[in-house]
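Inspection log for the structure reproduced underneath, given as structure tokens.
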Amino acid sequence: MKVDVIDNTLISEECEFETVLSFFKEKRKFPEYIELYILKIISEQIGIGTNEYFTAEEYLNNLPTCFIKREISSIDEMYGCKSKISYKDKYLSYLLYYLPANIFKIWKPLLDLQTKDLLKAELKILDIGTGPGSVPIGIIEYYKSLANCFNDILFTLNFTLIEKETEFLKIANKLINMIKNQLPANLNVLVEKCIIEDITEDSKYDSLGNFDMVIMSNFITNNEGKNQIYGYDIISNLKNHLLDDGSIIIIEPGDNENCRKLKLMRNEIINNNILDIYSPCIGIWENKTYYDCSCFSMVRSYWELPKIYKFLIKHGLSKGKRKDIPFNYIIYRKDHKKKYEIINNQKNFVKLADIKKYNEKKINVIAMIRTVIYDKHSDNVSIALCDGTCSCDNFNSVWIRVSNSLLIKSGFTIPLISAERIRLRGVEVKLNNNEINLGINPNTKIRIEY
Ligand SMILES: C[S@@+](CC[C@H](N)C(=O)[O-])C[C@H]1O[C@@H](n2cnc3c(N)ncnc32)[C@H](O)[C@@H]1O
């Protein structure tokens, strides 16, 4: 891997990109050393003894029963209703439960950028609504993997954090400082500014300079007051603080309502020409400049439950048993770059908007992967597709169902996530009442671009 001398982006040879993809091969594993830091911070905050040699189990077993009960009920109730959440008395619950689930979401947008050699070796990042530091920690972990694999490159992450809750910012700073003690020699991490501010549609960021990445994760959600109403204006204002080759990354929960609202806001941003979409919802056959769909989809990040989760579940937590973490994301840019170039020659391929005409016929299709579901009880994988030609709201979903062993046998050993581009030659269209299936047979040719 080398660093482009002009724009500082990481350029991978094919085999090096395989190395990056291999980060995604296994289920995400929350690093044990971060579990230890979380438990150390919590133990200190509630005034019980800490010891640098404690294991996660020892920290957990030392937690007072009344504290565990209170946290479990706080976590189970959190975000239960649509009203604005107050984080007072919930900082530690968020740190225990939501930070572990949220750190890996940013890996998918980072991979999307790296796929096209657009990720930089040095990043200046603005994280808005930092909470206890989920996004910075996720980025540090991704860059740690890069730094360990490519040790002749010097990586630098420079963060500016904005958060309205002082307590969260204190925790984020503490955790990032602890993590900084465990960095590879070729990774520098700096928290340049921590700003306590309640962001509104009028917020100005003038003294902050320009950024390679502006990130809002779980910030424009139902529960975060007026952020959803202000979302369009907040993003429009931030455009002026994005470097010409920078990205604004929005990550949201993977539920129906937040997903649809994220897409409605996206439609306004694109239709009013504020920014472009780099991924995931881009057209296959034409450059989409107008969006009207607000269909429900989700990205799933599969993970192994951390020790903290297993402990809380053993003590009565109802949440947290899912093996996948659902979320949605959008990468906006202003340089018109897209994750995949438009395909001009449609010869021999059928657009999804026309697919109903081909019931029981064999066709060829190119589409973006919207959602991937690995069935936990079988070898089956269900994959939902979109090529941008149909508004999924008034169009049935298009699915392929394939065995994971067939995918692996065909050379696709890296689990699919979403926003990959798939080419299928020789799939049979099967119309059902509510959906369209594309049947794969042993002769179907599958090609996937990550
Ligand atoms: C759901 S948490 C997300 C934390 C972190 N980004 C993550 O993904 O885990 C939302 C955070 O945004 C902060 N926040 C919400 N609205 C805000 C605003 N208008 N200005 C600044 N911070 C805000 C909250 O205090 C909270 O820490």
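The values are calculated or read from the model by the stated rules, or taken from the named source; none is laboratory data. Just so you know, these numbers come straight off a predicted model, no measurement behind them. Note that we place each Cβ from the backbone using ideal geometry, even for glycine, and neighbour counts take in every protein chain shown. The accessibility values were calculated without ligands, DNA or RNA, using every heavy atom of the protein model including side chains. Shrake-Rupley method; radii C 1.70, N 1.55, O 1.52, S 1.80 Å.
Results, tabulated for the structure shown:
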read-out	value
Amide proton proximity set for residue 278, modelled H, under 5 Å, gap of 5+	331, 332, 333
Accessible surface of the chain, 1.4 Å probe, proportion on carbon and sulfur as whole %	47
Over the chain: Rg over Rh, Cα atoms, Kirkwood Rh	0.96
Within the stretch 203-342: Cβ-based charge dipole about Cα centre, in debye rounded to nearest 20 (Lys, Arg +1; Asp, Glu -1)	800
Chymotrypsin sites (Phe, Trp or Tyr not before Pro) restricted to the stretch 1-104 and DSSP loop, no more than 12 other C-beta within 10 Å	53
Heavy-atom accessible area per residue - the stretch 2-333, 1.4 Å, Å²	41
Test item: Cα-centred dipole of the stretch 2-333, Lys/Arg +1 and Asp/Glu -1 on Cβ, debye	1160
Check: the stretch 105-191 dipole with +1 on Lys, Arg Cβ and -1 on Asp, Glu Cβ, in debye	60
With DNA, RNA and ligands ignored, accessible area of residue 378 (1.4 Å probe; Å², nearest 10)	50
Given charges at Cβ of Lys, Arg, Asp, Glu: the chain dipole, positive-most of 316, 125, 79	316
5 angstrom amide H check on residue 155, placed H, neighbours 5+ away	187, 188
Binned Cα-Cα distance frequencies in the stretch 169-319 - 10 Å width, integer %	8, 29, 34, 23, 7, 0
Filtered trypsin sites (Lys or Arg not before Pro), the stretch 73-138: DSSP coil and at most 10 other beta carbons within 10 Å	82, 88
For the chain, with +1 on Lys and Arg beta carbons and -1 on Asp and Glu, the positive-most of 283, 114, 385 along the dipole	385
Residue-by-residue Karplus 3J(HN,Hα) for the stretch 361-373, coefficients 6.51, -1.76, 1.60, Hz, glycine and proline x	10, 8, 9, 10, 9, 10, 8, 8, 7, 8, 8, 10, 10
Label-reachable residues, the stretch 418-450, where backbone N falls under 12 Å from a point 7 Å from residue 360's Cα toward its Cβ	429-431
Residue 116 paired with residue 347, simple spin-label distance in nm, labels 7 Å along Cα-to-beta-carbon	2.6
With 10 Å bins from 0: P(r) over the stretch 129-178, alpha-carbon pairs, percent	25, 47, 22, 6
Whole-Hz couplings from phi, Karplus 6.51/-1.76/1.60, listed for the stretch 151-158; x for Gly and Pro	7, 8, 10, 9, 9, 9, 10, 10
The stretch 352-449 - Kirkwood radius from inverse mean 1/r over Cα pairs (Å)	13.6
When each of 27/430; 84/339; 116/180; 261/334 is checked by Cα-Cα distance, pairs over 26 Å	27/430; 84/339; 116/180
In degrees, nearest ten, helix 166-180 long axis to first principal axis of the chain (Cα)	80
Label-to-label distance, nm, for residues given as residue 310 and residue 86 (7 Å Cα→Cβ offset)	3.7
Cα centroid separation - the stretch 107-162 against the stretch 244-280, whole Å	20
Simple label model, 7 Å out from Cα along Cβ direction - residue 78 to residue 239, nm	3.4
Solvent-accessible area of residue 259 with every protein chain in place, 1.4 Å probe, in Å² to the nearest 10	0
Top positive-direction residue, dipole computed over the chain with Cβ charges, set 237, 374, 303	374
